[in-house]
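Everything below concerns the one structure shown next.
Only the coordinates and a few stated rules stand behind these numbers; no lab work does. These figures come from a predicted structure and were not determined experimentally. Note that we place each Cβ from the backbone using ideal geometry, even for glycine, and neighbour counts take in every protein chain shown.
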Amino acid sequence: MVPLPRAFQWADGSVYVNHVELVRRARGTEMPPEFWTDPLMYQGGSDDLLDPTDDIVCATESYGIDFEAEVAVITSDVHMAAMPDEALKSVRLLMLANDVSLRNLIPAELAKGFGFFQSKPATAFSPVAVTPDELGDAWREGRVHRPMTVHWNGRKVGQPDCGVDMVFHFGQLIAHAAKTRNLRAGSIVGSGTISNKDAKRGYCCIAEKRCLETIEHGAPQTEFMKFGDSVKIEMFDEEGRSIFGAIDQAVVQPEH
């Protein structure tokens, strides 16, 4: 089961600015300079959190089904306008997330100027959440310094380091969420898709692979997920032991 079956709040950031920059380059647009100084964040649905082996249910493949491997934290109470150093102390637990995106629904939603909703279905989380001290030296400066391993249909497609190219640490991200509101204990804050500038480390979402293909070839070559596809997301310690357990999901159609 997921550590929290529901939460007061699920707020997801996008702190790997390399990912955002690639998306902008693929579209032929420049990235606003403030993206390097002010985190991106959206409010996700927190009433229906998926277990790590729950299916990704989608009505049609035409929505552009994509996985997004992330690190997420669970906080204690955070008071409004908390500074980053103070906000970082609120981190009580860490876990992994698969923040599924329906890529072909995103452009029309964003064009309305009101953010994601239909394009962001329920998020799955790892079966285990750990305290920061359990990560040892891998948890420092508000970042998890371990690779994220992603397999798509049994083939490894990504192993980027979560501590590399993370522009904003979790203290900054939590403080951003708490700028004008209190965060209650049990709030979940996500990092956004893990992304390294070194493309040899692979990818944690298909959209990034497609962006790289567009930049290099002028058009994407990799398709989004199909019914029957699977994705496995996991992180290992230096001895090769799974830290959080695996998120292992398949894409299926609704039963009715």
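Would you calculate, for the chain, the mean residue ellipticity at 222 nm contributed by helices, counting each DSSP H stretch of 4 or more residues as -39,500 (n - 2.57) and dividing by all residues, to the nearest 500?
Helices in the chain give a 222 nm mean residue ellipticity of -4500 deg cm²/dmol.
Output wanted: per-residue J couplings in Hz (rounded whole) for the stretch 140-145, from phi through Karplus 6.51 cos²θ - 1.76 cosθ + 1.60, θ = phi - 60°, x for Gly and Pro.
7, 6, x, 9, 9, 9
Counting DSSP beta bridges with both partners in the chain, what percentage is antiparallel, nearest 5?
85 percent
Check which residues have an amide H placed less than 5 Å from Trp10's amide H, if you skip close sequence neighbours.
Gly44, Ser46, Ile188
Are there chymotrypsin sites (Phe, Trp or Tyr not before Pro) in the stretch 17-119 that DSSP marks as loop and that have at most 14 other Cβ atoms within 10 Å, and which are they?
Answer in residue order: Phe114, Phe117.
Suppose a student asked you for the relative contact order of the stretch 1-112, using Cα pairs under 8 Å spaced at least 6 residues apart; what percent would you report?
Taking the mean separation of contacting Cα pairs over the length of the stretch 1-112, I get 26 percent.
Can you tell me how the stretch 105-225 classifies by the Cα gyration tensor, rounded, prolate or oblate, using a/c under 1.5 as the rounded cut?
Taking the square roots of the gyration eigenvalues as a ≥ b ≥ c, the stretch 105-225 is oblate.
Using R₀ = 51 Å, calculate the FRET efficiency as 1/(1 + (r/R₀)^6) where r is the Cβ-Cβ separation of Asp77 and Gln221; round to 0.05. Show your work: numbers first, answer last.
On the way: r = 47 Å, r/R0 = 0.92.
Computed FRET efficiency for Asp77 and Gln221 comes out at 0.60.
Which net charge results for the neighbourhood of Val71, defined as the other residues with beta-carbon distances under 10 angstrom from its beta-carbon, given Lys and Arg at +1 and Asp and Glu at -1? Walk me through the numbers before you get to the answer.
Values: positive: Arg143, Arg146; negative: Glu70.
Here the count lands on +1.
With a cut-off of at most 15 other beta carbons within 10 Å, and DSSP calling the residue loop, which trypsin sites (Lys or Arg not before Pro) in the stretch 153-223 qualify? Please list them.
Lys179, Arg181, Arg184, Lys197
Return the loop-located GluC sites (Glu not before Pro) in the stretch 90-146 (DSSP other than H, G, I, E, B) with at most 15 other Cβ atoms within 10 Å of their own Cβ; answer none if there are none.
When the GluC sites (Glu not before Pro) of the stretch 90-146 are filtered for loop state and at most 15 Cβ neighbours within 10 Å, Glu141 remain.
Quick check: net charge around Val252, other residues with Cβ under 12 Å of its Cβ, Lys/Arg +1 and Asp/Glu -1?
Values: positive: Lys226; negative: Asp54, Asp55, Glu61, Asp229, Glu255.
Once all neighbours under 12 Å are counted, the net charge is -4.
Can you pick out the pairs among Lys156/Lys232; Lys89/Lys179; Lys120/Lys179; Lys120/Lys156; Lys120/Lys200 whose Cα atoms lie more than 20 Å from each other?
Too far apart for the 20 Å limit: Lys120/Lys179; Lys120/Lys156; Lys120/Lys200.
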